[in-house]
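One structure is given here, and the rest of the page talks about it.
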Amino acid sequence: MSDFSRLSINTATIKKASLEQALNLCLNAGLGHIGLWRDKVAEAGLAAAVQLVKASGLQVSSLCRGGFLTAADRSGHAAALADNKAAILQAQALGTTELILVVGGLPAFSVSPGAVDSGAVSGSGDKDLAAARERVADRLAELVPFALDHGVRLVLEPLHPMYAADRAVLSTLAQALDLAAPHPAAAVGVVVDTFHLWWDPYLREQIARAGAEGRIASYQVSDFNLPIAADALLSRGYMGDGAIDFG
């Protein structure tokens, strides 16, 4: 492989690097894109992050992440909408059209967006999976007009079923595409993530469907390693080291 023009490094894979270091690493590797996480943007400050990206000449392939739309209470609903609107504005400022959404888990087990990688969960409350998915659909519909007004697409990322309780009640690409279907492809897209979706027996058909609908915003490529780490978020592996038959 010699053409890296469409390859992007997600800053979640180089967590120890500052935003400036991550930009320099991508430049030194000959890449043209970087996938930013909001924590790195927050560390630098949005205005400074925008200037660093502009100075680097790199394009931001996506901003991760918005979402966490499953809260059953009024205050949680309002907080989710406010946080996602802020994320849309950040994406616009950084020059990306793609905002990745991790939609949230069951209210009984979900972590808050600010503590999402800490592993802390409540363990009590609402466990209605169908209702949680309905709330995602309702809140997505609320956010679409704001996203369209700012030229940003809301990109649904289905996660492996082991994350359904705490992080994402969307587990399959079909579920994500069904949720996107009422909205224009310019408003709602999907991520095809090998780590999360490799197991799905209908994956080939659903990737074809997503492509035909013009909804694929990103492929995220990593392997699925065993044994699962104590923190399942750390079970991603380098391609070829795990269970996925990439061919």
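Can you give me the accessible area per residue for the chain, using a 1.4 Å probe, in Å²?
Here the residues of the chain average 47 Å² of exposed surface.
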> Counting only the heavy atoms of the protein chains, how much of residue 13 is accessible to a 1.4 Å probe, in Å² to the nearest 10?
Replying inline: 100 Å²
>> Considering only protein heavy atoms and a probe of 1.4 Å, how much of the accessible area of region 154-247 is carbon and sulfur, as a whole percent?
In response: 59 percent
>> Can you compute 3J(HN,Hα) from phi for each residue in region 157-168, using the Karplus curve 6.51 cos²θ - 1.76 cosθ + 1.60 with θ = phi - 60°, rounded to whole Hz and x for Gly and Pro?
In response: 10, x, 10, 3, x, 5, 9, 5, 6, 10, 10, 8
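Give me the tail of P(r) for region 118-211 as a percent: Cα-Cα pairs with distance above 20 Å. Provide the component values of the computation, followed by the final result.
Details: 1799 of 4371 pairs.
I get 41 percent for the Cα pairs in region 118-211 exceeding 20 Å.
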> Using all Cα-Cα distances in region 185-244, what percent lands in each 10 angstrom bin from 0 up to the longest?
Replying inline: 22, 44, 26, 8
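If you roll a 1.4 Å probe over region 1-121 with all protein chains in place, what percent of the accessible area is carbon or sulfur? All intermediate terms of the calculation are to be shown ahead of the outcome.
Numbers: 3240 of 5740 Å².
In region 1-121, the share of accessible area belonging to carbon and sulfur is 56 percent.
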> Applying the Karplus parametrisation 6.51 cos²θ - 1.76 cosθ + 1.60 with θ = phi - 60° to the phi angles of region 227-243, what ³J(HN,Hα) value in whole Hz is obtained for each residue in order, glycine and proline being reported as x?
Replying inline: x, 4, 5, 4, 9, 4, 5, 9, 8, 5, x, 5, 4, x, 8, x, 8
>> Could you tell me how far the Cα centroid of region 51-79 sits from the Cα centroid of region 173-247, in Å?
In response: 19 Å
>> Going 7 Å from the Cα of residue 51 along its beta-carbon direction, which residues of region 79-96 have the amide nitrogen within less than 18 Å of the resulting point?
In response: 93-95
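Counting pairs of Cα atoms in region 1-110, how many percent are more than 17 Å apart? Write down the numbers at each step before the final one.
Working: 3291 of 5995 pairs.
Value for region 1-110 (Cα pairs over 17 Å): 55 percent.
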>> On a 1.4 Å probe surface of the protein chains, which of 207, 34, 228 comes out largest in accessible area, and what is the full order?
In response: 228, 207, 34
>> Using the Kirkwood radius over C-alpha pairs as Rh, can you work out the diffusion coefficient of the chain via Stokes-Einstein at 4 °C, viscosity 1.567 mPa s, in µm² per second?
In response: 70 µm²/s
> So for the pair residue 219, residue 150, with labels modelled 7 Å out along Cα→Cβ, what separation do we get in nm?
Replying inline: 3.0 nm
> Ranked from the most accessible area to the least, with a 1.4 Å probe and all protein chains present, what is the order of 16, 85, 54?
Replying inline: 16, 54, 85
>> Calculate the FRET efficiency for residue 86 and residue 130 from the Cβ-Cβ distance with a Förster distance of 25 Å, rounded to the nearest 0.05.
In response: 0.30
> What ranking of 146, 224 comes out by heavy-atom accessible area, probe 1.4 Å, highest first?
Replying inline: 146, 224
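The values are calculated or read from the model by the stated rules, or taken from the named source; none is laboratory data. Source: prediction; values computed, not measured. Glycine gets a Cβ as well: all are built from the backbone with ideal geometry, and neighbour counts include every protein chain shown. Each accessible area value is taken on the protein alone, full model and side chains, heavy atoms only, with ligands, DNA and RNA left out. Shrake-Rupley method; radii C 1.70, N 1.55, O 1.52, S 1.80 Å.
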